[in-house]
1. Quick check on the range B:318-329. Is at least one of its residues assigned to a strand (DSSP E or B), in the same structural domain as B:ASP16 (by TED's automatic domain parsing) and modelled with pLDDT of 95 or more?
2. Does the range B:264-285 include one or more residues that are farther than 30 Å from B:THR84 by Cα, among the acidic types (Asp, Glu) and under 22 Å from the mean Cα position of the chain (by Cα)?
3. Given the conditions (1) away from chain B (no Cβ under 14 Å); (2) modelled with pLDDT under 95, which single one is not true for A:HIS111?
4. Look through B:TRP212, B:TRP228 and report the one residue that is aromatic (Phe, Trp, Tyr) and within 18 Å of B:HIS270 (Cα to Cα).
5. Count, please, the residues in the range B:128-160 that happen to be among the charged types (D, E, K, R), assigned to a helix (DSSP H, G or I) and under 22 Å from B:PHE67 (Cβ atoms).
6. If you take the residues in the range B:161-181 that are out of contact with any helix residue (DSSP H, G or I) (no Cβ under 7 Å at 6 or more places or on another chain) and assigned to a helix (DSSP H, G or I), which one is farthest from B:MET230 (Cα to Cα)?
7. Looking for something among the basic types (Lys, Arg) and more than 23 Å from B:ILE346 (Cβ to Cβ) - is there at least one such residue anywhere in the range B:295-311?
8. Do we find a residue being modelled with pLDDT under 90 and part of a loop (DSSP other than H, G, I, E, B) anywhere in the range B:207-220?
Amino acid sequence: MNFLDAVHNTPDITNCLQAGLKALGRYSTRITTSQPSLLEGSVDLDNCLKAKYQNAPRWDYALSHKSSVYYIEVHPASTSQVKVVIAKLNWLKGWLRHTALVNLKGQSSYHWISTDKVTISKRSKYSRILAKSGVKYPVRVLHLG
Amino acid sequence: MERISLTSLGQLTKVDINFGDITVLVGPQASGKSIFLQLVKLVLDHNHIIETLQRYGFDWMAEPDNFLTLYFGTGMGGIWNQDTQVQVDNTQFNFQNILSPQSTSQTESLFLIPAQRVMVLRNSWPRPFTDYETGDPYVVKLFSEHLRQLMEVEFTSSKGAIFPQVGRMDKNLQEIIERSIFDKAKVRLDTSGMRKRIILDIGEHQLPFMIWSAGQREFIPLLLGIYWLMPPSERAKRENIHWVVVEEPEMGLHPQAISTLLVTCLELVHRGYKLVISTHSPQILEMIWAIQTLAQTQATPTKLLEIFDLPKNEFFSAIADNILHHKSFKTYYFAHQEKGILTEDISTLDPESLNEAISDWGGLTTFSTKVSEIISEAIWTQL
């Protein structure tokens, strides 16, 4: 199963699939790739799931590139927000378990794009807390390999 | 020996250490790590120590304080007081008894590479045991003597080559040391000036020890110590040596060189040595934390190789597999507290722990964490 099939088979987001990086709106400029033709689509999870999971700590976006799924949270990257982002990740993982996207687990990674300056030292405990959770260290711009 | 606990030794109020295959000690300056490590050697090797001191003509005249001065160094004569108690596993260690040795084993089982290692080379050659002042620490004298014998007895057949050295260290390991520390230069024995000396051979020029980089000068005694632990031929380790202690292995080294040194340390553990390290380097705890986390998540050994940018070949894979699946790790914090210096087991190194000694690794990352918190607050309140 690929990303497009998985989205189609997940009723919560079936109608939210968009071409390329379109679902990321103004944040699409924060994603770069040397192979844009290999972008398979994106979903604005936050907006799409707002009605059904109104008060949940919803994750922002999902996109697929070269058969890898990138779950992206656009969020201020300060020390006080580490716990907030991890709470969102935990919610995302719980939600994914009940979707067809769970079958793509082996190709998935979790990324934090900072809305502004990153103020977390790579040698601080916050950096290790993030690593332990599985979320990559925050970046201003995410390059898709 | 699996555990040493003690009360009231010098500035150490209460220490309780359970050893792993790798045990790391952290703590600020003058927190007693070095005294503790010397004590471990005294506990394990007291017969060998007494025999060695006597062989070199030292006499403590049956005075325990004199012996302590000879062993720990000047000013340490009163380190053992009436309240001092040392327990090794389930047995009380009686200091008075070791001064009248029975005819028991006199072999050495612990090899200690001291923090003062750069001092053991004078005029580009290791100093003999008797070259030191009476009040210099025994462990420095002994390390120096080991290196001298290595150079004068064991390296005689190496045609002047010191690094790389054939038959001791695996070629894979030599290659990464060459890349990160010597930049393709060779270390060799030079006898052209009618006196033996260690030089760095960079092709057109031969550089004497004193003008090497600080890191290279720090690394050479460490490398010689590692060579000593890797005997030639098929033997993986020195037969009687079971413990290796390295004080502050990171001294003077760039992080890339520290990584190489850590790989070398893992190879020593892979060979069967138990390793005890004291350190002020977060990089060493990063390695321990990474190994523990990879083991907990049942990650493949290749992940450990990726951390060190190592090739995924048979040699390094065997080390990574052994370390990840069969070795144990312990980390202790020597903390200044109201009652004196006490040790705390911080082995989980859990960044989420509410105990800052654990989450900030005995203070090694406290500064980075504080910088992140304050800069975060300053920047994000403006935005």
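The values are calculated or read from the model by the stated rules, or taken from the named source; none is laboratory data. All figures in this text were calculated on a predicted structure; none of them were measured in a lab. For neighbour counting, all protein chains shown are included, and Cβ atoms are generated from backbone atoms with ideal geometry for every residue, glycine included.
1. Kept after step one, since they are assigned to a strand (DSSP E or B), are these residues of the range B:318-329: B:329.
Narrowing the set further to residues that are in the same structural domain as B:ASP16 (by TED's automatic domain parsing) leaves B:329.
Then drop every residue that is not modelled with pLDDT of 95 or more, which leaves B:329.
Taking every residue of the range B:318-329 in turn, at least one turns out to be assigned to a strand (DSSP E or B), in the same structural domain as B:ASP16 (by TED's automatic domain parsing) and modelled with pLDDT of 95 or more.
2. As a first pass, look at the range B:264-285 and keep what is farther than 30 Å from B:THR84 by Cα: B:264-272, B:281-285.
With the extra rule that they be among the acidic types (Asp, Glu), the set shrinks to B:267.
With under 22 Å from the mean Cα position of the chain (by Cα) added as a condition, the list becomes B:267.
Yes - at least one qualifying residue is present in the range B:264-285.
3. (2)
4. Values: B:TRP212 fails: within 18 Å of B:HIS270 (Cα to Cα).
After applying the criteria, what remains is B:TRP228.
5. So in the range B:128-160, the residues among the charged types (D, E, K, R) come out as B:131, B:133, B:136, B:141, B:145, B:148, B:152, B:154, B:159.
Now restrict to residues that are assigned to a helix (DSSP H, G or I): B:131, B:141, B:145, B:148, B:152, B:154.
Filter once more, keeping what is under 22 Å from B:PHE67 (Cβ atoms): B:131, B:141, B:145.
Of the residues in the range B:128-160, 3 are among the charged types (D, E, K, R), assigned to a helix (DSSP H, G or I) and under 22 Å from B:PHE67 (Cβ atoms).
6. Restricting to residues being out of contact with any helix residue (DSSP H, G or I) (no Cβ under 7 Å at 6 or more places or on another chain) and assigned to a helix (DSSP H, G or I), the top hit is B:ARG179.
7. As a first pass, look at the range B:295-311 and keep what is among the basic types (Lys, Arg): B:303.
Remaining after also requiring more than 23 Å from B:ILE346 (Cβ to Cβ): B:303.
Checked the range B:295-311: at least one residue is among the basic types (Lys, Arg) and more than 23 Å from B:ILE346 (Cβ to Cβ).
8. Yes, that holds for at least one residue.
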